[in-house]
Amino acid sequence: MGFNETSLISRLVPVVPEIFVAIWTVVVLSIDLAFPTLHRRNLGILAAAGMLAALVLSLLVAPGADQNLPALGGMIRHDLFASTFRIIFYAGAALTCLSSIDSRSQRAGGEYYSLVMFSALAMSLMAASNNIIMLYLATETASIAQYLLAGFTRGSKFSAEAGLKYFVFGAVTSTVMLYGLSLIYGMSGSTDYTEIAPKLVDPALRVPATFALLLVLAGFAFKTSAVPFHFWAPDVYQGAPTPITGFISTASKAAGFAILLRFMYSAFPPGSSLASLSWVSLMQPIAIMTMLVGTLLAITQKNAKRMLAYSSIAQAGYVLIGVTAFATSADRANALASIIFYLATYMLANICAFTIVGIVAERAGGDDIKNFAGLARRSPYLALGMVAALLSLLGAPFLVGFIGKLFLFRAALSANLVLLVVVGMFSVLVSVWYYLGIIRAMYVDRSDDELVPLRIPSASAAVILLSGMGVALVGLPFLSTPFWDMALAAAKGFLLIS
């Protein structure tokens with residue numbers, strides 16, 4: 001049989017963006033090695049441009065809402081769900097590269113930007129994975145890159161501690177998850193998601209399958225920083241380079257939810273006995289505890305990055321409301337669309353917030369909340385961007401965070417998950433205290449340096465402008481509707497059986 005070039009190209013179309021990112025990663029590394037005198041600022045611009053190009057490629061090769069096809073021999077799915085998450089990852093990586101350009105703490109070089117890009121590549125494969133082997137390899141590739149990035153700041157004991165803790169906790173949960181996946185393979189005889197479910201309906205396998213499922217869920221809970229696997233987040237978020245903290249708290253969290261949804265829905269479809277355990281009996285209490293732990297512990301924090309870390313844990317709890325609704329609601333498409341919409345818009349708000357925290361940390365002497373005192377007088381632009389980001393995370397009206405929470409709570413109510421909505425509303429009300437704490441410091445508290453203007457690096461200013469405009473404009477009804485329609489189309493594509 002002769003070589004069929006057309007057939008090969010058609011099989012590679014679903015992973016064209018990943019191929020491009022892999023090549024671009026090598027290009028950035030090679031340029032850094034070949035031109036050692038090149039200003040490292042240019043490497044960041046080059047990396048961000050590459051991620052934006054990959055984002056455009058993702059849009060060009062994105063399938064229609066009526067397509068859900070296996071690719072790469074069934075290792076991944078080519079659907080709009082995977083393409084949408086791919087866009088989230090690449091947009092997050094591009095913003096992270098831009099916000100890192102003027103960050104003096106880690107003096108990023110080619111290896112730094114390459115790790116960011118390679119992590120985004122692996123996360124896009126996580127979202128598309130349809131096979132246990134691909135799931136684990138992609139997850140570990142993304143995790144290893146993030147372990148290195150978390151400890152990247154040279155000479156900082158906090159960064160070294162963050163990298164070590166992230167690695168140790170990640171290695172343990174990864175091993176637990178791998179053991180669970182191996183048990184599932186042993187019982188089902190298959191690594192393909194869709195072939196696992198029919199093999200585990202045997203009542204004799206209920207106990208071992210349940211045990212294996214719990215082990216796998218531990219790995220997913222770690223990736224999403226859900227209780228009780230949240231304990232790594234505050235230390236890692238505080239010690240990691242601030243742009244990387246924003247990347248881990250958004251793109252990595254979104255990847256965790258993407259693999260959770262894909263694996264659980266395909267391997268343990270709602271309606272089965274094992275699904276009843278995982279989706280209802282576990283997800284609902286985990287969501288409640290995650291919201292409460294994140295919200296209540298955030299109140300006590302004096303450091304902005306630790307406060308945002310606990311806030312990020314609470315945000316994971318909100319997303320878990322959507323996950324529970326997705327499993328129990330008759331209208332799964334709307335529930336899944338609410339998750340996708342929320343994760344995408346949460347990325348904008350959190351990256352905006354962490355970019356501003358990074359600027360304050362380097363130019364105002366630290367990232368404690370007290371360092372934000374008088375920021376509105378030193379830099380009204382920075383203070384306004386922080387207000388927009390924090391109020392969106394809070395869920396204040398007229399910002400995109402309000403629309404996202406509205407969609408999640410609506411999906412929960414349609415599934416009769418009233419308790420989750422009540423706890424979610426309580427969590428939102430309590431979060432007013434710690435979000436407004438930073439705003440009060442910026443506008444009310446006084447500082448000895450408040451009359452000294454605070455210079456904003458151009459690249460970071462662009463990140464704040466882009467993400468801040470997204471937070472403000474997408475919150476408007478006539479602009480949020482197209483994005484909701486895209487999320488709904490991605491959800492419908494996910495639910496197709498092919």
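Every number here is computed from the coordinates shown, using simple stated rules; none is lab data. Just so it is clear, the structure is predicted and the values come from calculations on it, not from any experiment. Note that we place each Cβ from the backbone using ideal geometry, even for glycine, and neighbour counts take in every protein chain shown.
What size of dipole, in debye to the nearest 20, comes out for the chain about its Cα centre when the only charges are +1 on Lys and Arg C-beta atoms and -1 on Asp and Glu C-beta atoms?
Working: 29 positive and 22 negative charges, 151 e Å.
With Lys and Arg at +1 and Asp and Glu at -1, about 720 debye.
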(request) Would you kindly give the portion of the calculated P(r) for the range 10-494 that falls above 41 Å, as a percent of all Cα pairs? (result) 13
(request) Enter the angle in degrees (range 0 to 90, nearest 10) between the Cα long axis of helix 157-188 and the first principal axis of the Cα atoms of the chain, meaning the one along which they spread out most. (result) 10
(message) Using +1 at the C-beta of Lys and Arg and -1 at the C-beta of Asp and Glu, which of Leu320, Leu429, Ala412 has the Cα lying farthest in the positive direction of the dipole of the range 10-494?
(response) Leu429
(message) When the expected Rg is taken as 2.2 N^0.38 Å, what fraction or multiple of it is the alpha-carbon Rg of the range 141-235?
(response) 1.34
(request) May I ask you to evaluate 6.51 cos²θ - 1.76 cosθ + 1.60, the Karplus curve with θ = phi - 60°, for each residue of the range 350-363 and list the ³J(HN,Hα) values in order in whole Hz, giving x for glycine and proline? (result) 6, 5, 4, 5, 5, 5, 5, 4, x, 5, 4, 4, 7, 10
(request) Compute the acute angle (0 to 90°) between the alpha-carbon long axis of helix 458-473 and the principal axis of greatest extent of the alpha-carbon atoms of the chain; round to the nearest 10°. (result) 60
(request) State which entries of Lys253/Lys370; Lys223/Lys492; Lys157/Lys223; Lys223/Lys305 exceed 22 angstrom in Cα-Cα distance in the structure shown. (result) Lys253/Lys370; Lys223/Lys492; Lys157/Lys223
(request) Pop out the ³J(HN,Hα) list for the range 127-144 in order, Karplus 6.51 cos²θ - 1.76 cosθ + 1.60 with θ = phi - 60°, rounded to Hz; leave Gly and Pro as x. (result) 5, 8, 4, 10, 8, 4, 5, 5, 4, 6, 5, 5, 4, 5, 4, 5, 5, 4
(request) Could you tell me which of Met469, Trp484, Val13 has its Cα farthest along the dipole of the chain towards the positive end, charges placed at Cβ (Lys, Arg +1; Asp, Glu -1), taken about the Cα centre? (result) Met469
(message) Testing the spin-label approximation: label points 7 Å from Cα along Cα→Cβ at Met425 and Val172. State their distance in nm.
(response) 3.8
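Report the relative contact order of the range 292-414, percent, no decimals, based on alpha-carbon pairs under 8 angstrom and at least 6 residues apart.
On the way: 142 pairs, mean separation 36.5, N = 123.
That works out to 30 percent.
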(request) Using only Cα atoms, tell me the angle between helix 380-394 and the longest principal axis of the chain; keep it within 0 to 90° and round to the nearest 10. (result) 30
(request) Report the relative contact order of the chain, percent, no decimals, based on alpha-carbon pairs under 8 angstrom and at least 6 residues apart. (result) 16
(message) Along its three principal axes, how long is the range 280-384 when you only count alpha carbons? Whole Å, largest extent first please.
(response) 52, 25, 17
(request) Please work out how much length the chain gains when fully extended from Leu451 to Glu195, using 0.36 nm per residue of separation minus the C-alpha to C-alpha distance, in nm with one decimal. (result) 85.6 nm
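To the nearest 20 debye, what is the magnitude of the charge dipole of the range 380-483 about its Cα centre, counting +1 on the Cβ of each Lys and Arg and -1 on the Cβ of each Asp and Glu?
Working: 5 positive and 4 negative charges, 69 e Å.
With only Lys, Arg, Asp and Glu charged at Cβ, the dipole is about 340 debye.
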(message) Check which residues have an amide H placed less than 5 Å from Ile76's amide H, if you skip close sequence neighbours.
(response) Ala71, Asn130
(message) Projecting each Cα onto the charge dipole of the chain (Lys/Arg +1, Asp/Glu -1 at the beta carbon, about the Cα centre), which of Pro269, Ala93, Ile132 comes out farthest on the positive side?
(response) Ala93
